[in-house]
Each structure stands twice: as C-alpha cells, then as structure tokens.
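This is the structure I have questions about; it appears just below.
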Amino acid sequence: MSGPEIDPVRGQSEVTIPIEALEFEAMLLGRYSLISRKGVGQLDRSAYVLLQRLGDGPMSIGQLSEALGLDVSTLNRQTATMLKAGLLERIPDPDGGIARKFRATDAGRGRMAAERASGIHHLGVILSDWPESEIAALADHLRRFNSAIEHYHGRSWPRDGVSGDVCGPSAVAHLEL
C-alpha cells in the first residue's frame with residue numbers, strides 16, 4: 001500500500017490541504033473570539049478562561065498551571081490582576097492542604113455569567129439561519145477537536161454537561177434562535 005499522492009504543483013500531500021484549511025479557520029476563530037472579548041466592562045480572554053476553569057472548584061496556582069499549561073509567573077500576574085479587580089479570592093485549601101487556593105468571588109461569578117450569556121446571545125444571532133441539527137453537529141465536532149488537542153497535550157478540560165459551573169446551570173440549553 002502506498003502513501004498519499006504528492007501534489008506536483010505544491011509538492012505536498014493532498015491529505016494536508018484540509019489540515020491547512022482547518023489551521024486557517026482555527027486562526028480566524030481565535031481572532032474573532034479575542035475581538036469579541038474587548039470592550040468596556042468585558043472580561044479579557046485570560047480572565048474568562050480562568051473563571052471558567054475555577055467553576056469546577058478552588059485551585060492552587062500549581063493546579064492552575066498544570067490544568068491550563070501556563071507558567072506560574074504568568075498565572076501570578078493574571079490572578080493578581082483578578083484579585084485586585086475583586087473577581088477572585090484566596091482561600092485556605094478546603095481539603096486541609098498547605099497551599100492556598102483561588103476561587104471566584106460572587107462578583108467574578110456574576111461577570112462570568114454575564115459574559116457567557118452575552119456570548120451565547122451573540123452566537124444565537126450569528127447562527128440564527130442555521131438548523132439546530134447543524135449547530136449540534138458543529139458543537140460535536142468542536143468538542144471532538146478540542147478533546148483531541150487535550151489528549152495531544154495531556155491536559156483535559158472538565159465537561160460536566162457543557163463545561164464548568166461558574167455561572168450556574170448551562171445557559172447553552174436556553175439558547176434561543
């Protein structure tokens with residue numbers, strides 16, 4: 001059995017062409033999600049991700065570093081900013097450990113819920129002409145894609161229902177198109 005045919009013009013395997021398209025679309029998706037988070041009163045991307053992850057319970061700086069794949073110094077800067085803004089608080093380890101943990105404050109949970117509801121609303125507007133079955137298929141494909149990335153990096157993201165419970169029951173179930 002031979003390998004994939006080589007495109008004589010590009011000198012690349014035909015198999016890589018869909019991968020190139022996926023890389024380009026993923027780049028655009030990342031760009032759009034960053035732009036959507038900029039604005040007065042909105043959380044920046046790092047705060048949104050951190051609050052989302054803390055929805056599964058308090059975590060130490062080391063646990064956050066491992067879970068998010070970020071350097072401790074980066075997380076120290078991010079958490080310091082969020083502590084100052086009143087989005088996080090430091091608490092003793094509920095399990096009795098030595099390390100202090102971070103958890104979202106009521107204000108942090110409220111901002112996260114508002115940000116998530118806004119994002120869900122905008123997704124509803126953007127996808128308003130899509131059939132529900134295609135939205136579900138896209139969500140399934142993205143979940144599978146993200147799971148493959150998580151497997152590749154050896155770090156999984158909790159998925160109880162949709163994701164973390166920072167903002168209460170999943171607002172995705174209430175998406176109105």
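The values are calculated or read from the model by the stated rules, or taken from the named source; none is laboratory data. All values reported here derive from a predicted model rather than from experimental measurement. Each accessible area value is taken on the protein alone, full model and side chains, heavy atoms only, with ligands, DNA and RNA left out. Shrake-Rupley method; radii C 1.70, N 1.55, O 1.52, S 1.80 Å.
With every protein chain left in place and a probe of 1.4 Å, what is the accessible surface of VAL125, to the nearest 10 Å²?
Per-residue accessible area (VAL125): approximately 80 Å².
Measure out, as a whole number of angstrom, how far apart the alpha-carbon centroids of the range 44-65 and the range 109-140 sit.
22
Full extension from SER133 to ASP71: what is 0.36 nm times the residue separation minus their Cα-Cα distance, to one decimal in nm? Don't skip to the answer; put the middle values down first.
On the way: separation 62, 0.36 × 62 = 22.32 nm, distance 3.94 nm.
Contour length minus the Cα-Cα distance gives 18.4 nm.
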